[in-house]
Amino acid sequence: MPLALLALAIGGFGIGLTEFVIMGLLPEVAADFAVSETVAGYLISGYALAVAIGAIAITVALSRVNRKTALIGLMVLFIIGNGLSALAPSYEMMMVGRIVAALCHGAFFGIGAVVAASLVPANRQAAAISMMFAGLTTANVLGVPLGTFLGQAAGWRSTFWTIAVIGIIALIGIAVLVPSIPARSDAASGILGEFRIFASGQVWASILLTILGYGGMFGAFSYMAFTLTGVTGFSSAAVPWLLVLFGVGLFIGNILGGRAADKNLGATLLTLLIGLVVILAVFSLVAENKVATIIALVFMGGFGFATVPAMQMRIMRHSGDAQTLGSGANIAAFNVGNAFGAWIGGLTIASGLGYTSPLWAGALVTVGGLITLLIAGRARGGELRRKSASADATADLERESQSA
């Protein structure tokens, strides 16, 4: 794999750290700004909303910009956002810093996925995308626990200063290692032309597949601390380390899922979604057993994130000349799925169904994604129609690489 992918992965690591580390620092942030933990929690939801908006708006705005230049600009925005968070004298300024950093999130992964795919042969493009997302999974495995410990020991601002430094390293890496890649010269004319991809039923099917297929897993994960302590019987102190195991599953699943998608996109998505439904259902049944819970936690992360490279590849295939916008739209769909899954899981708990109910709810939401794949995959242009579809799925990206 080209070294340029390492620069993209470092950027993904910093962005993933920005998104998730705040969860472990909310008590310190709330105390420093004299706000309730509920109000402090808006720093998470506000970030997610800005990601969804930026994934579309910023990606479209940069659709005619050289992709290396776009990535450099996005990392500058990321550094500024985290610098504002670290310096923030008030809660309101902290929110501004979070939003500024979040605006680059979706566009970075959207544009970065297209760049990663263009750097390798067609039969390795999903694996290349998974390498970029490996930075995001590593942030969950190592970055979040270490960032939380640093924030608790040296103050939460030190964590955001560290993230800004990571952003600078990623910026230098992109400037040095990523080649200059012009925007597609044959792309649809005009910014409004980019939105023609949303006339495609397969593009909407890809978005719905991402929302349901990924949202089911994230909805279950959102309340995992309650499941681990209230059902399995682990102590609160053990939860961060158990979530590291979940992150290990994310990392392994991401890499293996990318390799599998390069061989057969349709079969990979079908297998992974079925596996995710099964593991979520089984997890809810064995949640009272500590050993079984640990195993299920790793597999849930593995199956859940193994779908990500394949989902990203699918929408890029069906986006024609506007692959960058399609890629960015799918990043927005991941965040919508996060919010939707968490909302469904919260409803089940509020209804008195217990702390295993988000797992069942997640399985049912994922079934919705599976049904979407079966319908869209067998429709015209779908990857389940014939065995050669996996080769067709990378044809557009191969042409993208050649034109770049």
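The share of C-alpha pairs in region 3-99 whose separation exceeds 23 Å stands at 30 percent. At a probe radius of 1.4 angstrom, the accessible area of the chain per residue rounds to 38 square angstrom. Shape class for region 255-379, computed from the alpha carbon gyration tensor (a ≥ b ≥ c): prolate, with a/c not under 1.5 and a/b above b/c. Ordered by solvent-accessible area of protein heavy atoms (1.4 Å probe), largest first, the residues ILE344, ILE294 come out as ILE294, ILE344.
Across all C-alpha atoms in region 313-364, the radius of gyration and Dmax reach 15.6, 48 Å.
Computed on the Cα atoms alone, the convex hull of region 53-121 gives a volume of 73 cubic angstrom per residue. In terms of its alpha-carbon gyration tensor, region 55-168 comes out oblate; a/c meets the 1.5 threshold, while b/c is at least as large as a/b.
The distance between label points at LYS290 and ASN123 comes to 4.8 nm (points 7 Å beyond Cα on the Cα→Cβ vector). Relative to the 2.2 N^0.38 Å rule of thumb, the chain has a C-alpha radius of gyration ratio of 0.93.
Each Cα pair under 8 Å and six or more residues apart adds its sequence gap; the mean of these over the residue count of the chain is a relative contact order of 25 percent. Using C-alpha pairs under 8 Å with a sequence gap of at least 6, the mean separation divided by the residue count of region 127-244 gives a relative contact order of 25 percent. Taking each residue as 0.36 nm, the span from ALA199 to ALA154 lengthens on full extension beyond its C-alpha to C-alpha distance by 11.1 nm.
Compactness of region 231-290 is given as radius of gyration and Dmax, 14.6, 42 Å, from Cα positions.
With a 1.4 Å probe and every protein chain kept in, tell me what percent of the accessible surface of the chain is carbon plus sulfur.
71
Between SER351 and ARG259, the distance separating the two model label sites (each 7 Å from Cα on the Cα→Cβ line) works out to 4.1 nm.
Oblate is the label for region 109-223. Its Cα gyration tensor axes, ordered a ≥ b ≥ c, give a/c of at least 1.5 and b/c at or above a/b. Modelled this way, with points 7 Å down the Cα-to-C-beta line, the labels at ASN66 and LEU142 are 3.2 nm from one another. The length gained on full extension between ARG380 and VAL39, counted as 0.36 nm times the residue separation minus their Cα-Cα distance, comes to 118.0 nm.
The values are calculated or read from the model by the stated rules, or taken from the named source; none is laboratory data. Please read all numbers here as calculations on a predicted model, not as lab measurements. Glycine also receives a Cβ, built like all others from the backbone with ideal geometry; neighbour counts cover every protein chain displayed. These accessible areas exclude ligands, DNA and RNA; they are computed on the full protein's heavy atoms, side chains included. Shrake-Rupley method; radii C 1.70, N 1.55, O 1.52, S 1.80 Å.
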